[in-house]
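**Q** One structure follows; several queries about it will come next.
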Amino acid sequence: MTKRQFRPLPVPSVSVSGYWGDWQDAVCDHTAAILLDRCVEAGMIEQINPEAPSPGIVIPIIHWLGTPQMFWDSDLGKSIETIAYSLYRKPNPALEARADAIIDMYARLQDADGYLNSFFQRIRPEWRWTNLRDFHELYCAGHMIEGAVAYYQATGKRKFLDVMCRMADYCVRKFGRGPGQMRGYCGHEEIELALVRLARVTGNQDYMELAKFFIDERGQAPNFFVEEAIAHNRSPGGVQKKTFEYNQSHLPVREQTKVVGHAVRAMYLYSAMADLATEYNDDTLTGALETLWADLTRKQMYVTGGIGPAEANEGFTDYYDLPNDSAYAETCASVGLVFWASRMLGRRPDREYADIMEQALYNGAITGLSTDGKTFFYDNPLESTGKHHRWTWHACPCCPPNIARLVTSLGSYIYGVADDEIAVHLYAQSEARVELANGARFTLRQETDYPWSGDVAISVSPEQSARFAVSLRIPAWARGATLSLNGMQVPLEALEGGYIRLERDWAPGDRLALSLPLEPRAVRAHPKVRQDAGRTAIMRGPLVYCLEGVDNGAGLNSILLKTGLGAAQTAPVPDLRGAIAIELPVLRELAEEWGDALYADRAPAVREDTARLVPYHLWDNRAPGEMLVWMRQA
């Protein structure tokens, strides 16, 4: 199979409506301003305002030698990125003015040499560059770079982009293998993928080379974090979680074969590696990533696309260890998996990556945002007794702006473009305006009610007849899918990586009609996942479904799924944006007929019942109550 280089379309090149348009409207109307409001309430503006007195340490220093206050620049960077995308969709002069005011503060705060980090300029300047392992200086720069790129693309304003280019130039001078440079890298990966974005928008290859340096240097011997600790009189054994696996610095990246440590850090690392594999046609990076991908998706991922089961390290434990009620599955981690999967599509369309991107997007990630855009989940269990609810903010508020920026930038994940090809990775009502390197200019429109309906009408409208390829993903779950071009059936046998590739001379008015069957299906876990033994999950298309107490009453574990789904019915739920619910005949154990005995030598009585399942990502948007994904089998 020929390898091509695919890159995402810029967010302003894609207009989204329908299902994802509703989510984007919620962010534009509520979340974007809420992010700033709550950053202000936390005291972040006082820290970045050079005209205000230094607020000092607001959140106490804790056991890992730092404080979440060190990350505040990253929260503001992601918030500005969200605002940028929301302004493109819905102009909001008041919100734009608030973002401009923050950007002006950063411009005034920046040192003459380009250095910019509010904590290390105004709170603890003596700590600057003394603890890359824990203090997140480069991580913060990365999120601010991403915010600057987004703000420039959405508004055309260069101030923030110029500020962050000066910081990136500073980093180019500061880090490397030359005389007087630091051979270091960040304990929390992020700067790497941000530098790739900056290089792509500015054309400055120095930024790409710095990203490559950070990736190539990570995990090399002697370990930088050991050398750094010794140099600053800290114990080299004081590694967070007592292992270099926590931040994926235990081995050079090309030698890593198991996904370990903090889940979000891992996803950001792999995302950057995938970007660089595309930019440099680096098969050594691609090979390592393919091994890591298989390790994650075949042994360590929830059916929702959630990853990182443990709260203790916000990350990974053992193979097949996927507890449901205590699942951490941080929203940021699933957002990161979407990032990684999208970037794995940089070298070729392959549904192995796009299917997981969709699974994580619709289930693991968007679950973190309420339908009105006002409240959030940080962790995402697959079972709840009714005590897990959405919150308004968090001491480490990384998840709200992360899911918000993903939602508002979704257009760049739907499509990928090569020199003479466009790949449709996700099905969503949208319009993409495309100019390929071969000169072809066209508009591609999707008309669909996906994911509630599997019918997708696609029109390809070039300005004039032009030759290029359109590749459409046929999801692995879509058995019986059909496709027609201008009314003529297109065989779906000859797929390349799960995509049907149509290379032809396209003319105005060309139309494709894709039908993806959305039948409810039963999904079972690998026998080694002990927490799901004897249980079944229900999916429809890309969506995982769950039982909620608001529909089914208390005691969800008393519901037993019958064999087969032939009697399943679907119906819209008006108070969940018209989401499609699944109704199933089930058996229900009768606790009230059991008696007082804690144990007995008989099976509980059962009765026939009907259970209603709703999409997992919409749970806890109505009345609080129990929730359950994995149902017991009768």
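**Q** Under a Cβ-Cβ cut-off of 15 Å, what is the net charge of the residues other than LEU65 that fall near it, where Lys and Arg count +1 and Asp and Glu count -1?
**A** Once all neighbours under 15 Å are counted, the net charge is +2.
**Q** Suppose only helical runs count, i.e. DSSP H with n ≥ 4. What mean residue ellipticity at 222 nm does that imply for the chain under -39500 (n - 2.57) per run, divided by all residues and rounded to the nearest 500 deg cm²/dmol?
**A** -10000 deg cm²/dmol
**Q** Gain in length, LEU576 to TYR319, computed as 0.36 nm per residue apart minus the alpha-carbon separation, to one decimal in nm? Walk me through the numbers on the way to the answer.
**A** On the way: separation 257, 0.36 × 257 = 92.52 nm, distance 3.53 nm.
Here the answer is 89.0 nm.
**Q** May I ask for the distance between the Cα centers of region 375-445 and region 486-542, given as a whole number of Å?
**A** Distance between centres, Cα-based: 19 Å.
**Q** Please compute the length gained on full extension between ALA294 and ASN233, using 0.36 nm multiplied by the number of residues separating them and subtracting their Cα-Cα distance.
**A** Roughly 18.0 nm would be gained on extension.
**Q** Relative contact order, percent, of region 18-409 when contacts are C-alpha pairs under 8 Å separated by at least 6 residues?
**A** Dividing the mean separation by the residue count of region 18-409 yields 15 percent.
**Q** For the chain, list the DSSP H helices whose alpha carbon atoms reach 15 Å or more along the long axis and whose average Kyte-Doolittle value is 0.0 or above?
**A** In the chain, the long hydrophobic H runs are 32-42, 93-109, 137-155, 159-174, 191-202, 263-280, 331-344.
Rule-based calculations on the coordinates, nothing more; no lab input. The structure displayed is predicted, hence computed values, not measured ones. With ideal geometry, Cβ positions are generated from the backbone for all residues, glycine too; neighbour counts draw on all protein chains shown.
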